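The values are calculated or read from the model by the stated rules, or taken from the named source; none is laboratory data. Here the structure is a predicted model, which means the values were calculated and not measured. Note that each Cβ is placed from the backbone with ideal geometry, even for glycine, and that neighbours are counted across all protein chains shown. The accessibility values were calculated without ligands, DNA or RNA, using every heavy atom of the protein model including side chains. Shrake-Rupley method; radii C 1.70, N 1.55, O 1.52, S 1.80 Å.
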Amino acid sequence: MNSLKQTYTQFIKKEAKRLNFDYCGISKAEFLEDEAPRLEKWLNANKHGQMQYMENYFDKRLNPTLLVDGAKSVISLLYNYYPSQNQNLNAPKISKYAYGNDYHEVIKNKLHEFLFSLQQKIGNINGKAFVDSAPVMDKVWASKSGLGWVGKNSNLITTKNGSFFFIAELIIDVELEYDSAITDYCGTCSRCIDACPTEAISEPYVVDGSKCISYLTIELKDEIPNSFKGKMDNWAFGCDVCQDVCPWNRFSTPNTEPLFANTNNLLNFTEVEWNELTEETFNVIFKNSAVKRTKYKGLKRNLKFISTKNEAV
Ligand code: SF4
Ligand code: SF4
């Protein structure tokens with residue numbers, strides 16, 4: 001006869017599938033002992049740039065029991081965002097994860113439905129849902145749960161479908177059966193390090209956030225430093241280079257989420273259309289998109305910066 005732990009674990013894995021998550025793995029909620037010195041070193045070296053929020057919640061980031069009272073399990077979930085269509089080749093580029101509707105909204109709704117069905121099945125449980133949320137070390141939890149390994153580009157990579165996934169978590173106060181981590185399959189490969197346009201992968205497995213194009217085009221609120229002139233590889237929002245070159249991404253398959261479909265002809269925009277984008281059009285096109293995080297002003301700053309190539313601005 002199945003124990004309650006087994007029954008709940010099986011239910012969770014089934015429910016993840018029903019809600020269209022591609023992968024689900026579970027870990028014991030405990031202090032991330034190995035990560036503490038690594039995180040501290042990264043922060044002390046100021047590799048987070050202006051991302052002040054990374055300094056907050058240091059203890060909570062390492063210990064899920066400080067985030068959810070009585071936490072026993074971290075359920076990691078992956079949701080594919082690899083698109084079926086690519087952008088117009090010569091136009092300013094936006095990261096694939098931002099082609100459709102804002103993933104925070106899409107996934108948050110699913111997580112709330114997930115928590116609700118757990119409450120129906122198990123009873124009055126305490127739990128919280130997280131998606132791309134600063135206090136949770138999502139890649140670490142996903143790798144502990146056997147969903148993949150954290151590669152030299154610091155992305156979580158699955159052996160079956162590469163790395164174009166959103167990562168989300170449910171932290172709950174219920175004991176479950178736990179999965180085991182898998183091996184690192186980067187081997188001698190260094191494609192991501194060699195291809196990074198700004199040399200942001202300062203050493204294998206360490207991304208200097210302050211040099212990463214994703215940070216420069218999204219998180220950075222000031223002007224982009226002139227030292228990055230000519231190095232932005234035409235990225236106007238985010239950057240996919242270290243994932244695009246990763247050999248494991250030849251196994252990526254297009255997502256099946258209708259809300260991630262590009263519905264605003266964005267992928268066909270020409271360089272001229274991007275550069276002539278008005279605030280009105282921006283508000284319409286990016287109404288439900290993660291791109292609205294940069295605001296119109298931020299996107300214009302990025303477009304101007306990448307269009308002026310090597311000239312000083
Ligand atoms: S996202 Fe782009 S800039 Fe950032 S580490 Fe990867 S390749 Fe480099
Ligand atoms: S490109 Fe190579 S080194 Fe980089 S993450 Fe992928 S497999 Fe690892």
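Each residue in the range 205-223 was checked for being more than 8 Å from ligand 1 (Cβ to nearest atom), touching a strand residue (DSSP E or B) at 6+ places or on another chain (Cβ under 9 Å) and open to solvent by 30 Å² or more (accessible area, probe 1.4 Å), and 1 of them qualify. Restricting attention to the range 257-285, which residues are more than 13 Å from residue 299 (Cβ to Cβ) and in a loop (DSSP other than H, G, I, E, B)? Result: 257, 261, 262, 263, 264, 265, 270. Residue-level check: of (1) open to solvent by 20 Å² or more (accessible area, probe 1.4 Å); (2) modelled with pLDDT of 95 or more, residue 162 misses just (1). On the given criteria, is residue 168 open to solvent by 30 Å² or more (accessible area, probe 1.4 Å) and in a strand (DSSP E or B)? Spelling it out, it is not the case that residue 168 is open to solvent by 30 Å² or more (accessible area, probe 1.4 Å) and in a strand (DSSP E or B). In the range 245-260, the residue that is farthest from ligand 2 (Cβ to nearest atom) out of those that are exposed (fewer than 14 other Cβ atoms within 10 Å of the Cβ) and farther than 26 Å from residue 192 by Cα is 258.
Selection within the range 18-49: residues that are closer than 28 Å to residue 82 by Cα and touching a Lys or Arg at 6+ places or on another chain (Cβ under 6 Å). The member of this set that is most open to solvent (accessible area, probe 1.4 Å) is 24. Determine whether the range 226-233 contains at least one residue that is more than 17 Å from the chain's Cα centre (by Cα), among the polar types (S, T, N, Q), within 30 Å of residue 73 (Cα to Cα) and open to solvent by 70 Å² or more (accessible area, probe 1.4 Å). So far as the range 226-233 goes, no, none of its residues is more than 17 Å from the chain's Cα centre (by Cα), among the polar types (S, T, N, Q), within 30 Å of residue 73 (Cα to Cα) and open to solvent by 70 Å² or more (accessible area, probe 1.4 Å). So in the range 261-277, with the set limited to residues that are β-branched (Val, Ile, Thr) and within 23 Å of residue 304 (Cβ to Cβ), which one is least open to solvent (accessible area, probe 1.4 Å)? The residue in question is 270. Looking across the range 234-244, the residues that are more than 8 Å from ligand 1 (Cβ to nearest atom) and either farther than 24 Å from residue 106 by Cβ or open to solvent by 70 Å² or more (accessible area, probe 1.4 Å) (or both) come down to 234, 244. The set of residues in the range 118-158 that are β-branched (Val, Ile, Thr), in contact with a Ser or Thr (Cβ under 9 Å, 6 or more places away or on another chain) and open to solvent by 30 Å² or more (accessible area, probe 1.4 Å) contains only 150.
So, in the range 181-204, how many residues would count as being more than 7 Å from ligand 1 (Cβ to nearest atom) and either assigned to a strand (DSSP E or B) or at pLDDT below 95 (or both)? Steps first, please.
Filtering the range 181-204 for residues more than 7 Å from ligand 1 (Cβ to nearest atom) gives 181-191, 193-194, 199, 202-204.
Narrowing the set further to residues that are either assigned to a strand (DSSP E or B) or at pLDDT below 95 (or both) leaves 202-203.
So the answer is 2.
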